[in-house]
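*Asks:* Supplied in structure tokens, the structure appears directly below.
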Amino acid sequence: MEQVFPSDFLWGAATAAYQIEGSLHVDGRGPSIWDTFAAVPGAVLGGADGDPGCDHYRRYREDVALMGELGLPAYRFSTAWPRVMPDGRTVEPRGLAFYDRLVDDLLDRGIRPLVTLYHWDLPQALQDVGGWGRRDIAARFTDYACTVHERLGDRVADWTTLNEPFCSAFLGYGLGVHAPGVQDERAALVAAHHHLLAHGSATRALRELGGAGQRLSIVLNFSPALADRDDDAHRDAVRRFDGLHNRFFLDPVLGRGYPEDVLADLAHLRALEPAIHDGDLSTVGASVDWIGVNYYAPSRVVPLSDPHTPSNCELPGLRGVDVLPPRGPLTSIGWEQHPGSLTDLLVWLDEHCAGVPLVVSENGAAFTDVVDADGRVRDVRRTRYLAEHLRAVHAAIARGADVRGYLAWSLLDNFEWAFGYTQRFGLVHVDFDTQRRTVKDSGRFFADVVARNAVPAN
Ligand code: FCB
């Protein structure tokens, strides 16, 4: 028995430029905030940075061939702003030419390219003048987006403005565990607004540039809140966490502005209101053709007896709710495996987004993998994780959710941000010393799912 997906369901895998490209000092690339952050002692496990990554800048043909072998119909990747514009403003033709070659290679093999314009690697030159803390970053980003679009727009139909503004703003400017490493709750909220402004402004501009077949999107990361009890206090803890983690980014993108209850929860910081100018919310609400859903794990929340006590979690300004430790089984990065939350999330999003289609733009799991003597990677746990989450997506579709695709994170083991090279998410194992690629058992499993357009029932 198997569970069959809709006939036009989009299958593929995802990566991001800084995590795989390497070649940080090649063809005029400028420094990014992740180069700077990674150089800070203790910021990244093992003192690692994006070099060598997967050496994909030089080995992209081999990687595209691998996708061909796996029969992947689509590939989501990001373009690096510091390659295209090393100082954030001036075009470097050699950087643009790389993505031109990559897109051609994908198309030659019949693989549909989905371009994400920003996956966290801001040019350091823009950070030096304030980065996402500055309002005019929206204009800079729009300029960059149009530059890439002018070069690739004749062949690329799917454009995502930002990947996970939550991480970039809240982890980068609030908690400080991501680049640029700022720790300031107010700065995190202002940066979040500027991300959304940049998304809306670029979406409007790309809409004007693109043709009828073009699809514009943003990718958001969601963590559904779970509580052990269903009383008023627990329901309110769920509301607060879900509000700031999920609805805070989603509602403005859908043209509804920031959720009133979340603004009320954040009023004590007095951060956001001065940053929101007249007209901003209509810009942010520029219409999108699909919403990218990145899902890895839920969060378990509990109310605090004093509603004013700061939360132990990464959400800036959150009060009166703590996040509990995840419950087993966990992946090696310490995230809870809970496929049921993905079904519930997709069903909720489908209702909440009222007609905007969804694509699961990232989902996957990190485990410690070894290449056995016979050259196989028997990653049974990742295969099980994928199967369970694919069944969860299928269940959401069966309940009526308009989910159009699933992109596995990730094609390759890669540089996992603050975790360096310690967390392997790939369908393909990468030996970072030799750059040898080995398709894992989970990669073969996924290829089979794609070929059959179906997942085994259990
Ligand atoms: C997401 C990121 C992606 C990767 C996965 C594991 O938050 O978008 O780059 O790091 O997590």
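*Asks:* When the residues of the range 391-413 are filtered to those that are within 16 Å of the ligand (Cβ to nearest atom) and closer than 17 Å to Asn163 by Cα, which remaining residue is surrounded by the most Cβ atoms within 10 Å (Cβ to Cβ)?
*Replies:* To start, the set of residues in the range 391-413 that are within 16 Å of the ligand (Cβ to nearest atom) comprises 406-413.
Now drop any that are not closer than 17 Å to Asn163 by Cα, which leaves 406-411.
Details: Tyr406: 27, Leu407: 27, Ala408: 28, Trp409: 23, Ser410: 24, Leu411: 30.
Ranking the candidates gives Leu411 first.
*Asks:* Turning to a different aspect of this structure: With a cut-off of at least 2 residues that are within 30 Å of Glu314 (Cα to Cα) and open to solvent by 30 Å² or more (accessible area, probe 1.4 Å), name the helices (runs of 4 or more DSSP H) lying wholly within the range 80-168.
*Replies:* Details: elements: 81-84, 93-108, 124-127, 137-152.
Correct list: 124-127, 137-152.
*Asks:* Right, here's the next one. Which residues, taken from the range 212-234, are in a loop (DSSP other than H, G, I, E, B) and either in contact (Cβ under 8 Å) with a residue 40 or more places away in the chain or closer than 16 Å to Asp251 by Cα (or both)?
*Replies:* Gly213, Gln214, Ser223, Pro224, Ala227, Asp228
*Asks:* Let me ask something additional. Can you confirm whether Gly355 is surrounded by fewer than 16 Cβ atoms within 10 Å (Cβ to Cβ) and either under 25 Å from Gly12 (Cα atoms) or modelled with pLDDT under 95 (or both)?
*Replies:* yes
*Asks:* Select from the range 368-386 the residues that are open to solvent by 10 Å² or more (accessible area, probe 1.4 Å) and either assigned to a helix (DSSP H, G or I) or out of contact with any strand residue (DSSP E or B) (no Cβ under 9 Å at 6 or more places or on another chain) (or both) and list them in ascending order.
*Replies:* Thr368, Asp372, Ala373, Asp374, Arg378, Val380, Arg381, Thr383, Arg384
*Asks:* Kindly evaluate Ser305 against the criterion of being more than 24 Å from the chain's Cα centre (by Cα) and polar (S, T, N, Q).
*Replies:* yes
*Asks:* Quick one: count up the residues across the range 268-326 that are open to solvent by less than 50 Å² (accessible area, probe 1.4 Å), within 16 Å of the ligand (Cβ to nearest atom) and over 30 Å from Gly211 (Cα atoms).
*Replies:* Residues that pass the stated criteria total 7.
*Asks:* Scanning the range 169-189 for residues that are open to solvent by less than 10 Å² (accessible area, probe 1.4 Å) and among the hydrophobic types (A, V, I, L, M, F, W, C), which turns out nearest to Ser223 (Cα to Cα)?
*Replies:* Result: Phe170.
*Asks:* Okay, moving on. Can you tell which of Asp251, Asp231 is open to solvent by 20 Å² or more (accessible area, probe 1.4 Å) and either out of contact with any Gly (no Cβ under 8 Å at 6 or more places or on another chain) or within 28 Å of Ala286 (Cα to Cα) (or both)?
*Replies:* Asp231
The values are calculated or read from the model by the stated rules, or taken from the named source; none is laboratory data. Bear in mind that the values here come from a model prediction, so they are computed numbers and not experimental data. Don't worry about glycine lacking a Cβ; one is built from the backbone with ideal geometry, like all the others, and counts go over all protein chains shown. To get the accessible areas, we keep the full protein, side chains included, count just its heavy atoms, and leave off ligands, DNA and RNA. Shrake-Rupley method; radii C 1.70, N 1.55, O 1.52, S 1.80 Å.
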